[in-house]
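Comments concern the structure below.
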Amino acid sequence: MIRNTAFSERLRQGARVLAVAGLSLPAAAGHLSAEEQGQTIYNDLCASCHAESRLGGIGPALIPESLARLRGASLEDVVSHGRAATQMPAFADQLTPDQITAVAAYIETPLDHIPDWTAKDILAAREMNPDYVAADKPVFDADPMNITLVVETGDHHISVLDGDTFVVLDRFPTPFAVHGGPKFSPDGRYVFVMSRDGWVQKYDIWSLQEVGRTRAGINSRNIAMSADGKWLAVANYLPHTLSILSTEDLKPAQVRRIVARDGRESRVSAVYQAPQRQSFILALKDAPEIWEIGTTEDAGPFHDGFVHSHEVAMKESLGSEQGLFARRRIEVAEPLDDFFFTPDYRILIGASRSGDKGVVVNLDVGREIAQLPLPGMPHLGSGISWESQGRQVMATPHLREGRLSVIDTADWSLVKTIETLGPGFFLRSHENTPYVWADVFFGPNKDKMHIIDKDTLEIVKTLNPAPGKTVAHIEFTRDGKYALVSIWEDDGAVIVYDAKTLEELRRLPMRKPSGKYNVWNKITFSDGTSH
(Lines give C-alpha, C1' and ligand atoms only; values in the text may rest on other atoms or scores of the structure.)
Protein backbone atom coordinates (compact mmCIF):
# COMPACT_ATOMS: atom_id res chain seq x y z
CA MET A 1 0.00 0.00 0.00
CA ILE A 2 1.68 3.24 -1.16
CA ARG A 3 0.14 6.39 0.20
CA ASN A 4 0.48 9.93 -1.15
CA THR A 5 -1.50 12.08 1.26
CA ALA A 6 -2.19 15.73 0.58
CA PHE A 7 0.24 16.52 3.38
CA SER A 8 3.20 14.60 1.91
CA GLU A 9 2.40 15.86 -1.57
CA ARG A 10 2.42 19.42 -0.27
CA LEU A 11 5.83 18.86 1.30
CA ARG A 12 7.16 17.58 -2.00
CA GLN A 13 5.67 20.33 -4.09
CA GLY A 14 7.10 22.90 -1.72
CA ALA A 15 10.57 21.86 -2.85
CA ARG A 16 9.86 22.50 -6.54
CA VAL A 17 11.84 25.43 -7.90
CA LEU A 18 10.02 27.95 -10.04
CA ALA A 19 10.84 27.89 -13.74
CA VAL A 20 13.84 30.03 -14.50
CA ALA A 21 13.20 30.54 -18.20
CA GLY A 22 13.51 34.24 -18.90
CA LEU A 23 15.22 34.94 -15.57
CA SER A 24 18.22 37.16 -16.12
CA LEU A 25 21.01 38.05 -13.76
CA PRO A 26 21.63 41.71 -12.95
CA ALA A 27 23.31 43.58 -15.78
CA ALA A 28 26.28 44.29 -13.56
CA ALA A 29 26.86 40.60 -12.86
CA GLY A 30 29.55 40.41 -15.49
CA HIS A 31 31.58 43.01 -13.57
CA LEU A 32 31.29 41.29 -10.21
CA SER A 33 34.01 39.23 -8.60
CA ALA A 34 33.56 35.46 -8.73
CA GLU A 35 32.45 35.45 -5.08
CA GLU A 36 29.95 38.26 -5.63
CA GLN A 37 28.67 36.62 -8.79
CA GLY A 38 28.20 33.32 -6.99
CA GLN A 39 26.22 35.01 -4.22
CA THR A 40 24.08 36.90 -6.73
CA ILE A 41 23.24 33.72 -8.62
CA TYR A 42 22.49 31.92 -5.37
CA ASN A 43 20.10 34.65 -4.19
CA ASP A 44 18.27 34.63 -7.54
CA LEU A 45 18.02 30.89 -8.15
CA CYS A 46 18.57 29.03 -4.90
CA ALA A 47 17.42 31.12 -1.94
CA SER A 48 13.72 30.46 -2.50
CA CYS A 49 14.23 26.83 -1.45
CA HIS A 50 17.47 26.85 0.53
CA ALA A 51 17.02 30.28 2.24
CA GLU A 52 19.12 33.37 1.74
CA SER A 53 21.09 32.35 4.84
CA ARG A 54 21.90 28.98 3.13
CA LEU A 55 20.59 27.26 6.26
CA GLY A 56 17.84 25.48 4.37
CA GLY A 57 14.09 25.79 4.18
CA ILE A 58 12.05 23.48 2.02
CA GLY A 59 15.38 22.41 0.53
CA PRO A 60 18.42 21.26 2.53
CA ALA A 61 21.05 23.55 4.02
CA LEU A 62 23.81 24.50 1.57
CA ILE A 63 26.78 24.98 3.88
CA PRO A 64 30.05 23.01 4.08
CA GLU A 65 28.89 21.06 7.14
CA SER A 66 25.90 19.73 5.19
CA LEU A 67 27.76 19.06 1.96
CA ALA A 68 30.56 16.77 3.12
CA ARG A 69 29.84 14.35 0.28
CA LEU A 70 29.42 16.97 -2.43
CA ARG A 71 32.64 18.83 -3.16
CA GLY A 72 34.19 20.40 -6.23
CA ALA A 73 33.13 18.82 -9.48
CA SER A 74 30.44 16.76 -7.74
CA LEU A 75 28.71 19.88 -6.44
CA GLU A 76 29.05 21.58 -9.84
CA ASP A 77 27.50 18.51 -11.42
CA VAL A 78 24.47 18.77 -9.11
CA VAL A 79 24.02 22.45 -10.01
CA SER A 80 24.36 21.62 -13.69
CA HIS A 81 22.23 18.50 -13.93
CA GLY A 82 20.06 18.49 -10.83
CA ARG A 83 19.71 15.64 -8.40
CA ALA A 84 17.93 12.44 -9.30
CA ALA A 85 14.74 11.58 -7.42
CA THR A 86 14.48 15.06 -5.89
CA GLN A 87 12.95 18.40 -6.87
CA MET A 88 16.43 19.85 -7.46
CA PRO A 89 16.36 21.06 -11.11
CA ALA A 90 19.18 21.34 -13.63
CA PHE A 91 20.65 24.79 -14.34
CA ALA A 92 23.04 23.94 -17.19
CA ASP A 93 20.69 25.66 -19.67
CA GLN A 94 20.51 28.86 -17.64
CA LEU A 95 24.09 29.24 -16.38
CA THR A 96 27.48 29.21 -18.06
CA PRO A 97 30.20 26.85 -16.78
CA ASP A 98 31.94 29.79 -15.09
CA GLN A 99 28.71 30.81 -13.37
CA ILE A 100 28.15 27.25 -12.16
CA THR A 101 31.68 27.20 -10.76
CA ALA A 102 31.05 30.53 -9.03
CA VAL A 103 27.81 29.50 -7.34
CA ALA A 104 29.30 26.14 -6.28
CA ALA A 105 32.26 27.97 -4.74
CA TYR A 106 29.91 30.32 -2.89
CA ILE A 107 27.93 27.39 -1.50
CA GLU A 108 31.15 25.82 -0.23
CA THR A 109 32.21 29.01 1.56
CA PRO A 110 32.02 28.64 5.36
CA LEU A 111 29.55 30.88 7.16
CA ASP A 112 31.09 33.86 8.90
CA HIS A 113 29.40 32.97 12.19
CA ILE A 114 27.83 30.01 13.92
CA PRO A 115 24.08 30.32 13.37
CA ASP A 116 21.56 29.75 16.11
CA TRP A 117 18.46 27.57 16.13
CA THR A 118 16.31 28.18 19.17
CA ALA A 119 13.21 26.62 20.69
CA LYS A 120 11.25 29.38 18.96
CA ASP A 121 12.70 28.31 15.59
CA ILE A 122 11.87 24.66 16.26
CA LEU A 123 8.31 25.57 17.13
CA ALA A 124 7.95 27.76 14.03
CA ALA A 125 9.21 24.93 11.78
CA ARG A 126 6.78 22.42 13.26
CA GLU A 127 4.08 21.18 10.89
CA MET A 128 1.61 18.50 11.95
CA ASN A 129 -0.24 16.48 9.33
CA PRO A 130 -3.88 17.69 9.23
CA ASP A 131 -4.88 14.46 7.47
CA TYR A 132 -3.49 12.21 10.20
CA VAL A 133 -5.97 9.96 11.96
CA ALA A 134 -4.72 7.71 14.77
CA ALA A 135 -5.93 4.15 14.25
CA ASP A 136 -7.25 2.12 17.20
CA LYS A 137 -5.31 -0.90 15.95
CA PRO A 138 -2.96 -1.61 13.03
CA VAL A 139 -4.62 -1.04 9.65
CA PHE A 140 -2.81 -4.14 8.34
CA ASP A 141 -2.86 -7.83 9.27
CA ALA A 142 0.91 -8.23 9.70
CA ASP A 143 2.60 -8.66 13.09
CA PRO A 144 3.32 -5.05 14.17
CA MET A 145 6.32 -6.27 16.18
CA ASN A 146 7.88 -7.83 13.07
CA ILE A 147 7.78 -4.74 10.88
CA THR A 148 11.11 -3.76 9.33
CA LEU A 149 11.74 -0.26 8.03
CA VAL A 150 14.05 0.04 5.03
CA VAL A 151 15.67 3.44 4.46
CA GLU A 152 15.96 4.02 0.70
CA THR A 153 18.45 6.83 0.21
CA GLY A 154 18.16 6.74 -3.58
CA ASP A 155 14.95 8.74 -3.55
CA HIS A 156 14.54 9.61 0.15
CA HIS A 157 11.80 7.19 1.15
CA ILE A 158 11.24 4.51 3.77
CA SER A 159 9.54 1.23 2.94
CA VAL A 160 7.47 -0.43 5.66
CA LEU A 161 8.11 -4.15 5.26
CA ASP A 162 6.07 -7.06 6.62
CA GLY A 163 8.71 -9.26 8.28
CA ASP A 164 6.79 -12.47 7.56
CA THR A 165 5.64 -12.03 3.94
CA PHE A 166 8.07 -9.25 2.91
CA VAL A 167 5.22 -7.31 1.37
CA VAL A 168 5.71 -3.52 1.35
CA LEU A 169 2.82 -2.13 3.41
CA ASP A 170 3.65 1.52 2.78
CA ARG A 171 6.37 3.67 1.27
CA PHE A 172 6.57 7.21 2.58
CA PRO A 173 8.79 10.21 1.76
CA THR A 174 11.35 11.31 4.34
CA PRO A 175 13.35 14.50 4.84
CA PHE A 176 16.46 14.82 2.67
CA ALA A 177 19.44 12.65 3.64
CA VAL A 178 18.18 10.54 6.55
CA HIS A 179 20.99 9.84 8.98
CA GLY A 180 21.67 8.10 12.27
CA GLY A 181 19.00 5.40 12.29
CA PRO A 182 15.27 5.74 13.04
CA LYS A 183 14.16 5.34 16.66
CA PHE A 184 10.99 3.55 17.80
CA SER A 185 8.71 4.38 20.71
CA PRO A 186 8.91 1.71 23.44
CA ASP A 187 5.61 0.15 22.31
CA GLY A 188 6.84 -0.01 18.71
CA ARG A 189 3.96 2.03 17.35
CA TYR A 190 5.73 5.24 16.35
CA VAL A 191 9.04 5.79 14.62
CA PHE A 192 11.09 8.96 14.50
CA VAL A 193 13.37 9.74 11.55
CA MET A 194 16.06 12.44 11.40
CA SER A 195 17.90 14.08 8.49
CA ARG A 196 21.32 15.68 8.30
CA ASP A 197 19.56 19.05 8.14
CA GLY A 198 17.97 18.51 11.51
CA TRP A 199 14.46 17.63 10.36
CA VAL A 200 12.69 15.17 12.66
CA GLN A 201 9.71 13.24 11.30
CA LYS A 202 7.17 11.27 13.35
CA TYR A 203 5.39 8.36 11.64
CA ASP A 204 2.60 6.15 12.98
CA ILE A 205 3.25 2.54 11.93
CA TRP A 206 -0.22 1.38 12.98
CA SER A 207 -1.92 4.04 10.86
CA LEU A 208 0.71 4.05 8.08
CA GLN A 209 0.69 7.84 8.20
CA GLU A 210 3.09 10.65 8.96
CA VAL A 211 2.09 12.48 12.13
CA GLY A 212 4.23 15.56 11.58
CA ARG A 213 7.73 16.98 11.50
CA THR A 214 9.86 19.82 12.76
CA ARG A 215 13.41 21.06 12.41
CA ALA A 216 15.46 20.58 15.58
CA GLY A 217 18.82 21.85 14.31
CA ILE A 218 20.70 23.05 11.26
CA ASN A 219 23.23 20.25 10.95
CA SER A 220 22.45 17.18 13.07
CA ARG A 221 24.05 13.81 13.76
CA ASN A 222 21.49 11.43 15.26
CA ILE A 223 18.58 11.03 17.65
CA ALA A 224 17.87 8.99 20.78
CA MET A 225 14.65 8.03 22.55
CA SER A 226 14.28 8.20 26.34
CA ALA A 227 13.50 4.91 28.05
CA ASP A 228 9.97 6.05 28.93
CA GLY A 229 9.30 7.18 25.36
CA LYS A 230 8.49 10.76 26.35
CA TRP A 231 11.55 12.57 25.00
CA LEU A 232 13.57 12.60 21.81
CA ALA A 233 17.09 14.04 21.93
CA VAL A 234 18.72 15.47 18.79
CA ALA A 235 22.52 15.78 18.61
CA ASN A 236 23.56 18.90 16.69
CA TYR A 237 26.77 20.03 15.03
CA LEU A 238 25.15 23.37 14.19
CA PRO A 239 24.38 25.08 16.39
CA HIS A 240 26.32 23.60 19.30
CA THR A 241 23.25 22.30 21.07
CA LEU A 242 21.25 19.30 22.20
CA SER A 243 17.60 19.69 21.29
CA ILE A 244 15.06 17.70 23.33
CA LEU A 245 11.58 17.32 21.85
CA SER A 246 8.35 15.98 23.26
CA THR A 247 7.57 12.78 21.37
CA GLU A 248 3.86 13.50 21.79
CA ASP A 249 3.70 16.67 19.71
CA LEU A 250 7.32 17.42 18.60
CA LYS A 251 7.37 20.63 20.61
CA PRO A 252 10.75 21.63 22.08
CA ALA A 253 11.19 20.83 25.76
CA GLN A 254 14.77 22.12 26.01
CA VAL A 255 17.49 23.43 23.73
CA ARG A 256 20.73 23.14 25.63
CA ARG A 257 23.92 24.92 24.62
CA ILE A 258 26.90 22.54 24.94
CA VAL A 259 29.57 24.36 26.91
CA ALA A 260 32.57 22.49 28.29
CA ARG A 261 34.01 23.07 31.74
CA ASP A 262 36.64 25.43 30.25
CA GLY A 263 33.95 27.60 28.68
CA ARG A 264 34.37 26.48 25.08
CA GLU A 265 31.42 25.31 23.05
CA SER A 266 31.38 21.84 21.47
CA ARG A 267 29.53 20.03 18.74
CA VAL A 268 27.65 16.88 19.75
CA SER A 269 29.02 13.87 17.87
CA ALA A 270 26.16 11.61 18.92
CA VAL A 271 23.49 11.03 21.55
CA TYR A 272 22.55 7.59 22.89
CA GLN A 273 19.78 6.16 25.04
CA ALA A 274 20.95 4.41 28.21
CA PRO A 275 17.69 2.70 29.24
CA GLN A 276 18.85 1.15 32.52
CA ARG A 277 20.32 4.48 33.55
CA GLN A 278 17.21 6.49 32.59
CA SER A 279 19.42 8.92 30.74
CA PHE A 280 20.93 10.13 27.48
CA ILE A 281 24.69 9.83 26.93
CA LEU A 282 26.41 12.47 24.79
CA ALA A 283 29.69 12.24 22.89
CA LEU A 284 31.24 15.69 22.54
CA LYS A 285 33.29 16.40 19.44
CA ASP A 286 35.39 19.28 20.73
CA ALA A 287 35.76 18.70 24.47
CA PRO A 288 37.32 15.93 26.60
CA GLU A 289 34.03 15.25 28.33
CA ILE A 290 31.13 12.80 28.20
CA TRP A 291 27.75 14.14 29.26
CA GLU A 292 24.91 12.23 30.86
CA ILE A 293 21.47 13.87 30.78
CA GLY A 294 18.82 12.55 33.17
CA THR A 295 15.39 11.85 31.69
CA THR A 296 13.40 11.55 34.95
CA GLU A 297 12.18 14.11 37.46
CA ASP A 298 14.42 12.69 40.19
CA ALA A 299 17.68 12.71 38.22
CA GLY A 300 20.76 13.90 40.06
CA PRO A 301 21.94 15.87 41.81
CA PHE A 302 24.98 15.95 39.53
CA HIS A 303 27.85 18.09 40.82
CA ASP A 304 30.43 19.76 38.61
CA GLY A 305 33.15 19.46 41.23
CA PHE A 306 34.07 17.85 44.52
CA VAL A 307 31.43 17.88 47.26
CA HIS A 308 32.52 18.65 50.83
CA SER A 309 29.92 17.89 53.50
CA HIS A 310 30.65 19.46 56.88
CA GLU A 311 27.61 18.18 58.73
CA VAL A 312 24.12 16.85 58.16
CA ALA A 313 22.22 18.91 55.57
CA MET A 314 25.27 21.10 54.94
CA LYS A 315 27.51 20.76 51.89
CA GLU A 316 29.72 22.81 49.61
CA SER A 317 29.99 22.01 45.92
CA LEU A 318 30.97 23.58 42.61
CA GLY A 319 27.61 23.78 40.92
CA SER A 320 25.01 21.05 40.59
CA GLU A 321 21.99 20.10 38.53
CA GLN A 322 18.99 18.12 39.60
CA GLY A 323 15.70 16.97 38.07
CA LEU A 324 14.53 16.44 34.51
CA PHE A 325 17.36 16.96 31.99
CA ALA A 326 19.96 17.45 34.71
CA ARG A 327 23.49 17.17 33.34
CA ARG A 328 26.44 15.19 34.65
CA ARG A 329 29.98 15.72 33.33
CA ILE A 330 32.45 12.88 32.99
CA GLU A 331 35.93 14.13 32.19
CA VAL A 332 38.20 12.04 29.96
CA ALA A 333 41.72 12.52 28.64
CA GLU A 334 40.65 13.45 25.10
CA PRO A 335 37.45 13.78 23.08
CA LEU A 336 35.88 10.40 22.33
CA ASP A 337 33.56 9.44 19.47
CA ASP A 338 31.46 6.54 18.30
CA PHE A 339 30.39 4.79 21.50
CA PHE A 340 29.78 1.09 22.14
CA PHE A 341 27.89 0.14 25.33
CA THR A 342 27.81 -3.09 27.27
CA PRO A 343 24.27 -4.52 27.51
CA ASP A 344 23.83 -3.19 31.07
CA TYR A 345 24.99 0.30 30.00
CA ARG A 346 27.49 0.49 32.84
CA ILE A 347 30.49 0.58 30.52
CA LEU A 348 31.18 2.33 27.23
CA ILE A 349 34.07 2.20 24.79
CA GLY A 350 34.84 5.33 22.81
CA ALA A 351 37.19 5.77 19.88
CA SER A 352 40.14 8.08 20.40
CA ARG A 353 40.68 11.05 18.11
CA SER A 354 43.82 9.39 16.75
CA GLY A 355 41.75 6.38 15.67
CA ASP A 356 44.23 3.84 17.05
CA LYS A 357 42.68 2.83 20.36
CA GLY A 358 39.48 2.38 22.30
CA VAL A 359 39.02 4.00 25.69
CA VAL A 360 36.90 2.11 28.24
CA VAL A 361 34.86 4.32 30.59
CA ASN A 362 32.92 3.13 33.64
CA LEU A 363 29.81 5.31 33.70
CA ASP A 364 28.99 4.39 37.31
CA VAL A 365 32.21 5.84 38.72
CA GLY A 366 32.71 8.32 35.88
CA ARG A 367 36.27 7.59 34.82
CA GLU A 368 38.45 5.72 32.35
CA ILE A 369 39.32 2.20 33.44
CA ALA A 370 41.19 0.71 30.46
CA GLN A 371 42.53 1.29 26.97
CA LEU A 372 42.40 -1.13 24.05
CA PRO A 373 44.83 -1.21 21.12
CA LEU A 374 42.46 -0.87 18.14
CA PRO A 375 44.41 0.49 15.17
CA GLY A 376 42.72 1.27 11.88
CA MET A 377 39.90 3.46 13.23
CA PRO A 378 37.45 1.14 14.98
CA HIS A 379 33.78 1.74 14.15
CA LEU A 380 32.56 1.18 17.68
CA GLY A 381 29.08 2.53 16.99
CA SER A 382 28.50 -0.56 14.86
CA GLY A 383 29.98 -2.86 17.47
CA ILE A 384 27.84 -5.71 18.81
CA SER A 385 28.07 -8.15 21.71
CA TRP A 386 27.16 -11.81 22.17
CA GLU A 387 28.01 -14.85 24.27
CA SER A 388 30.90 -16.91 22.92
CA GLN A 389 31.97 -20.10 24.68
CA GLY A 390 30.45 -18.96 27.95
CA ARG A 391 31.89 -15.45 27.99
CA GLN A 392 30.48 -12.12 26.84
CA VAL A 393 32.43 -10.61 23.99
CA MET A 394 32.06 -7.59 21.75
CA ALA A 395 33.38 -7.04 18.26
CA THR A 396 34.01 -3.98 16.15
CA PRO A 397 34.91 -3.49 12.49
CA HIS A 398 37.67 -1.09 11.45
CA LEU A 399 37.19 1.63 8.86
CA ARG A 400 40.79 1.59 7.61
CA GLU A 401 41.84 -2.03 7.97
CA GLY A 402 40.42 -5.38 6.94
CA ARG A 403 39.92 -6.82 10.39
CA LEU A 404 37.44 -7.36 13.18
CA SER A 405 38.57 -7.05 16.78
CA VAL A 406 36.88 -9.39 19.29
CA ILE A 407 37.18 -8.29 22.93
CA ASP A 408 36.33 -9.98 26.25
CA THR A 409 34.12 -7.48 28.11
CA ALA A 410 35.02 -8.95 31.52
CA ASP A 411 38.71 -8.05 31.47
CA TRP A 412 38.92 -6.02 28.22
CA SER A 413 41.49 -8.32 26.69
CA LEU A 414 41.73 -8.82 22.94
CA VAL A 415 40.36 -12.31 22.27
CA LYS A 416 41.02 -12.46 18.55
CA THR A 417 41.64 -10.42 15.43
CA ILE A 418 39.63 -11.77 12.49
CA GLU A 419 41.20 -10.88 9.16
CA THR A 420 38.64 -9.87 6.51
CA LEU A 421 38.73 -9.00 2.81
CA GLY A 422 38.69 -5.30 3.55
CA PRO A 423 37.49 -2.59 5.95
CA GLY A 424 33.92 -3.07 7.08
CA PHE A 425 31.18 -0.80 8.35
CA PHE A 426 28.42 -2.93 9.89
CA LEU A 427 28.10 -6.04 12.08
CA ARG A 428 24.88 -7.79 13.04
CA SER A 429 23.72 -10.94 14.79
CA HIS A 430 20.67 -12.24 16.68
CA GLU A 431 20.16 -14.37 19.77
CA ASN A 432 18.60 -17.12 17.63
CA THR A 433 21.44 -17.48 15.13
CA PRO A 434 24.90 -19.04 15.55
CA TYR A 435 26.45 -16.49 13.19
CA VAL A 436 27.72 -12.93 13.03
CA TRP A 437 27.33 -11.21 9.66
CA ALA A 438 30.00 -8.68 8.65
CA ASP A 439 30.11 -6.60 5.49
CA VAL A 440 33.20 -5.45 3.58
CA PHE A 441 32.07 -1.93 2.86
CA PHE A 442 35.21 -0.33 1.47
CA GLY A 443 37.57 -1.31 -1.32
CA PRO A 444 37.48 -3.78 -4.17
CA ASN A 445 35.72 -6.47 -2.12
CA LYS A 446 32.72 -4.31 -1.22
CA ASP A 447 30.48 -7.00 -2.74
CA LYS A 448 31.41 -9.58 -0.08
CA MET A 449 29.65 -10.54 3.14
CA HIS A 450 31.42 -12.64 5.79
CA ILE A 451 29.55 -15.16 7.96
CA ILE A 452 31.37 -15.82 11.25
CA ASP A 453 30.72 -18.57 13.79
CA LYS A 454 29.98 -17.02 17.20
CA ASP A 455 31.90 -19.67 19.15
CA THR A 456 34.89 -20.52 16.96
CA LEU A 457 35.22 -16.91 15.73
CA GLU A 458 36.10 -18.28 12.29
CA ILE A 459 34.71 -17.15 8.94
CA VAL A 460 32.60 -20.10 7.80
CA LYS A 461 31.32 -18.63 4.54
CA THR A 462 31.75 -15.57 2.36
CA LEU A 463 28.78 -14.50 0.27
CA ASN A 464 29.07 -12.64 -3.04
CA PRO A 465 25.44 -11.88 -3.97
CA ALA A 466 26.01 -8.86 -6.26
CA PRO A 467 29.45 -8.89 -7.92
CA GLY A 468 30.91 -5.40 -8.22
CA LYS A 469 28.20 -3.74 -6.14
CA THR A 470 28.20 -2.58 -2.53
CA VAL A 471 26.64 -5.19 -0.24
CA ALA A 472 26.11 -3.91 3.28
CA HIS A 473 24.08 -3.63 6.48
CA ILE A 474 22.29 -6.62 7.93
CA GLU A 475 19.06 -6.88 9.89
CA PHE A 476 17.16 -9.89 11.16
CA THR A 477 13.47 -10.55 11.43
CA ARG A 478 11.98 -10.71 14.91
CA ASP A 479 12.61 -14.44 15.35
CA GLY A 480 16.05 -14.39 13.71
CA LYS A 481 14.86 -16.75 10.99
CA TYR A 482 15.71 -14.43 8.11
CA ALA A 483 18.60 -12.06 7.49
CA LEU A 484 18.08 -9.00 5.30
CA VAL A 485 21.04 -7.56 3.38
CA SER A 486 21.19 -4.39 1.26
CA ILE A 487 22.56 -4.04 -2.24
CA TRP A 488 23.49 -0.42 -1.61
CA GLU A 489 22.99 0.86 -5.17
CA ASP A 490 20.41 3.10 -6.82
CA ASP A 491 19.05 0.07 -8.67
CA GLY A 492 19.56 -2.03 -5.57
CA ALA A 493 17.58 -4.52 -3.57
CA VAL A 494 17.08 -6.07 -0.16
CA ILE A 495 18.14 -9.72 -0.23
CA VAL A 496 16.30 -12.12 2.05
CA TYR A 497 18.46 -14.99 3.35
CA ASP A 498 17.57 -18.06 5.35
CA ALA A 499 19.66 -17.29 8.45
CA LYS A 500 20.22 -21.00 9.14
CA THR A 501 21.10 -22.40 5.70
CA LEU A 502 22.55 -19.10 4.40
CA GLU A 503 20.62 -19.60 1.17
CA GLU A 504 19.17 -16.63 -0.71
CA LEU A 505 15.36 -16.76 -0.83
CA ARG A 506 14.32 -13.62 -2.71
CA ARG A 507 15.22 -10.08 -3.70
CA LEU A 508 13.09 -7.01 -3.13
CA PRO A 509 13.92 -4.15 -5.56
CA MET A 510 14.75 -0.93 -3.70
CA ARG A 511 16.27 2.50 -4.45
CA LYS A 512 19.69 2.44 -2.81
CA PRO A 513 18.56 0.74 0.42
CA SER A 514 20.85 1.45 3.34
CA GLY A 515 19.81 0.74 6.93
CA LYS A 516 17.06 -1.67 7.93
CA TYR A 517 15.42 -1.61 11.35
CA ASN A 518 13.18 -4.29 12.85
CA VAL A 519 10.71 -3.02 15.46
CA TRP A 520 11.10 -5.92 17.90
CA ASN A 521 14.87 -6.13 17.66
CA LYS A 522 15.24 -2.43 18.33
CA ILE A 523 12.78 -1.94 21.18
CA THR A 524 14.01 -5.07 23.01
CA PHE A 525 17.70 -4.32 22.37
CA SER A 526 18.13 -7.73 20.80
CA ASP A 527 21.45 -9.50 21.30
CA GLY A 528 23.71 -8.76 18.36
CA THR A 529 22.08 -5.42 17.51
CA SER A 530 24.03 -2.17 17.75
CA HIS A 531 22.23 0.32 19.96
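The values are calculated or read from the model by the stated rules, or taken from the named source; none is laboratory data. It should be emphasised that the depicted structure is a prediction, and the values quoted were computed from it without experimental measurement. Here the Cβ positions follow ideal geometry from the backbone for every residue, glycine too, while neighbour counts run over all protein chains shown. Accessible surface is based on the protein model in full, side chains and every heavy atom, while ligands, DNA and RNA are left aside. Shrake-Rupley method; radii C 1.70, N 1.55, O 1.52, S 1.80 Å.
Descriptive notes on the structure:
- Length gained when the stretch Glu431-Asp304 is fully extended (0.36 nm per residue, less Cα-Cα span): 41.7 nm
- Per-residue 3J(HN,Hα) values for segment 507-518, derived from phi via the Karplus relation 6.51 cos²θ - 1.76 cosθ + 1.60 with θ = phi - 60°, read 10, 10, x, 9, 9, 6, x, 10, x, 10, 9, 8 Hz in sequence order (x marks Gly and Pro).
- Taking all protein chains together and a 1.4 Å probe, the residues Asp344, Asp491 rank Asp491, Asp344 from largest to smallest accessible area.
- The slack between Arg367 and Asp249, meaning 0.36 nm per residue of separation minus the straight C-alpha distance, is 38.8 nm.
- Proximal aspartates and glutamates relative to Lys137, as straight alpha-carbon distance under 14 Å, when same-chain residues fewer than 8 apart are discounted: Asp187, Asp204
- Close amide H partners of Ala253, meaning residues 5 or more places away or on another chain with modelled amide H under 5 Å apart, are Ile244, Leu245, Ser246.
- Note: relative contact order over the chain, using C-alpha pairs below 8 Å and six or more positions apart, is 9 percent.
- Of the trypsin sites (Lys or Arg not before Pro) found in segment 230-267, those in coil by DSSP whose Cβ has at most 15 other Cβ atoms within 10 Å are Arg261, Arg264.
- For Thr165, the solvent-accessible surface with a 1.4 Å probe is about 70 Å², rounded to the nearest 10.
- Where labels lie 7 Å past Cα in the beta-carbon direction, separation of Lys481 and Ser48 in nm: 5.3
- Working note: Karplus 6.51/-1.76/1.60 with θ = phi - 60° gives segment 455-468 the couplings 8, 7, 6, 10, 6, 9, 7, 10, 8, 9, x, 8, x, x Hz, where Gly and Pro are set to x.
- Residue order for Asp136, Asp187, Asp408 - accessible surface, 1.4 angstrom probe, largest first: Asp136, Asp187, Asp408
- Thr529 contributes about 10 Å² of solvent-accessible surface, heavy atoms of the protein only, 1.4 Å probe.
- Per-residue SASA entry for Glu36, accessible area with 1.4 Å probe, Å² rounded to 10: 90
- Taking each DSSP H run with n ≥ 4 as -39500 (n - 2.57) and averaging over every residue of the chain yields -3000 deg cm²/dmol at 222 nm.
- Tyr132-Ser74 pseudo-label distance in nm [points 7 Å out on the Cα-to-Cβ vector]: 3.3
- Remark: spin-label model distance His113-Asp411 equals 5.8 nm, labels positioned 7 Å along the Cα→Cβ axis.
- Estimated FRET transfer efficiency when R0 is 41 angstrom, pair Glu458-Arg83 (beta carbons, to 0.05): 0.40
- Inter-part distance, segment 258-279 to segment 108-145, computed on C-alpha centroids, equals 22 Å.
- Scoring 175-183, 376-384 by mean Cβ neighbours within 10 Å over their residues and listing the highest first yields 376-384, 175-183.
- The chain: projected area of the alpha-carbon convex hull, averaged over directions, in nm²: 26.7
- With a Förster radius of 30 Å applied to the beta-carbon distance between Asp491 and Thr96, the computed FRET efficiency rounds to 0.35.
- Three-way shape label, segment 297-449, alpha-carbon gyration tensor, a/c 1.5: prolate
- Taking Cα centre as origin and charging only the Cβ of basic (Lys, Arg, +1) and acidic (Asp, Glu, -1) residues, the dipole magnitude of the chain rounds to 220 debye.
- Phi to ³J(HN,Hα) by Karplus 6.51 cos²θ - 1.76 cosθ + 1.60 over segment 429-443, Hz, x for Gly, Pro: 8, 7, 4, 9, 10, x, 10, 10, 9, 9, 8, 10, 6, 10, x
- Applying 0.36 nm per residue to the separation of Asp286 and Thr165 and subtracting their alpha-carbon distance, the gain on full extension is 38.9 nm.
- Spin-label proximity, Arg264 to segment 321-362 - amide N less than 12 Å from point 7 Å beyond Cα toward beta carbon: 334-335
- Over all other residues within a Cβ to Cβ distance under 11 Å of Arg403, the charged ones net out to 0, with Lys and Arg as +1 and Asp and Glu as -1.
- Placed amide H near Ile347: partners under 5 Å, 5+ positions off or other chain: Thr342, Leu363
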